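> One structure is given below, represented as structure tokens, and several questions about it will come after.
Read the figures in this text as sums done on the coordinates, not as results from a lab. What you see is a predicted model; the values in this text were computed from it and never measured. Note: ideal-geometry Cβ built from the backbone for every residue, glycine included; neighbour counts use all protein chains shown.
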Amino acid sequence: MALLSHTCTKNSCRYRPGVQNQPRRMTIALAGNPNTGKSTVFNALTGLHQHTGNWPGKTVQRAEGSFVHRNKYYILVDLPGTYSLLANSADEHVARDYICFAHPDATVVVTDATCLERNLNLVLQVIEITPRVVVCVNLMDEAERKKICVDVESLSRELGVPAVATAARSGRCLDKLMDAIDNVASGQLKTSPRLVAYDPGIEQLVQKIMLKISPLLPEGLNPRWVALRLIDGDHSIIDALARYLGEGKNSSSHWGEEMALCTR
Amino acid sequence: MSKNTFALTQLSIGNSGRVDSLLAQGLTRRRLLDLGLVPGTEVEAIRRSPAGDPTAFLIRGTIIALREEVSRQVLIRAESDERGI
């Protein structure tokens, strides 16, 4: 008995007082096309404990909430809907910047089971940035009504990341979704996303640029992804990158020039 | 049979066609592909804004409005004989 209480005190010293065995908070991003039920998933998981917060430098809001699963504390970030990470509008910028630069412990891409093909484009773009992805095939109730079957296991195998079929409106299979999130966020499950292979010419260029930029990039930024964006020549994302990397070290314009030189 | 293609702009309301190819390059091209306008995709013109531009299209289960300057860069093959103009 004495020994037990002793261990407890020792444990609580390491963590915040009053909370037993409080582990690190995990941050989970919720991304997806517009109208796939992201916010329904968000509300179902968090029980509508949401408050909104501003993402630095942006006026468009994202919602944040929390839930506890397997005795772990998760912060869930509901992002504006987007068709692509190649942002076109202010809210798409919010989603893109969060997924690209905020380094959530896992990103859940919520997809619409009734039009998966449209939704998988974003999934492929997200797994190009991070392997820590869970695909949530939502609106299964609606798909069933339309006699659409989704082979979630094959989908998961093809993508190389876990896929879970849910119907967030009725709360169906959300426990499975939370399990998958936990497995990926904790690193228990190592995913191996199937990456898009581009034309040999592009791939060669990617290798060349990666060699040059890898030493310039901080840990956590995927050099392949950065190389591809530089080839795209999307200035909005190059500027965002420069802003992100410019914080703390050399000025962003200097960095931007350096990056531009790498693509020559 | 010759490839009977025309710009998406010319698809009249209520008619549909299939994407043949994209004339757009660079980021506009990428954006169109992201919106689901991949060759072979069925597109239906749903309605036009009172000002004549933009036009709403049904693309893979979602209605998306495109400005003329963009839809002009999408080439369409008519479905059956529903060629608008």
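> How high is the FRET efficiency between A:R24 and B:T5 when r is their beta carbon distance and R₀ equals 56 Å, given to the nearest 0.05?
In this case the efficiency is close to 0.50.
> Rounded, prolate or oblate: pick one for the stretch A:113-197, where a ≥ b ≥ c are the square roots of the eigenvalues of its C-alpha gyration tensor, a/c under 1.5 means rounded, and failing that, prolate if a/b is larger than b/c, else oblate.
In terms of gyration-tensor shape, oblate.
> Cross-link partners among aspartates and glutamates for A:K38, C-alpha distance below 14 Å, same-chain residues fewer than 8 apart left out?
Partners found: A:E64, A:D78, A:D112.
> Could you sort B:62-72, A:175-185, A:146-156 so that the peptide with the highest average Cβ count within 10 Å comes first and the rest follow in order?
By packing density, highest mean first, the sequence is A:175-185, B:62-72, A:146-156.
> Considering every residue in B:33-46, what mean count of other chain Cβ atoms within 10 Å of its Cβ is obtained?
Counting Cβ atoms of other protein chains within 10 Å of each residue's Cβ and averaging gives 2.
> Right, next: What's the average, rounded to a whole number, of partner chain beta-carbon atoms within 10 Å of each residue's beta-carbon in A:178-189?
Per residue, the number of nearby Cβ atoms from other chains is 0 on average.
> Okay, next question. Among the aspartates and glutamates, which have Cα under 14 Å from the Cα of A:K176 when same-chain residues fewer than 8 positions away are ignored?
Excluding near neighbours in sequence, the set is A:E153.
> With a/c under 1.5 counting as rounded, go ahead and sort the stretch B:5-78 into rounded, prolate or oblate using the C-alpha gyration tensor (a ≥ b ≥ c being the square roots of the eigenvalues; past the cut-off, prolate if a/b is larger than b/c, else oblate).
Since a/c stays below 1.5, the shape of the stretch B:5-78 is classed as rounded.
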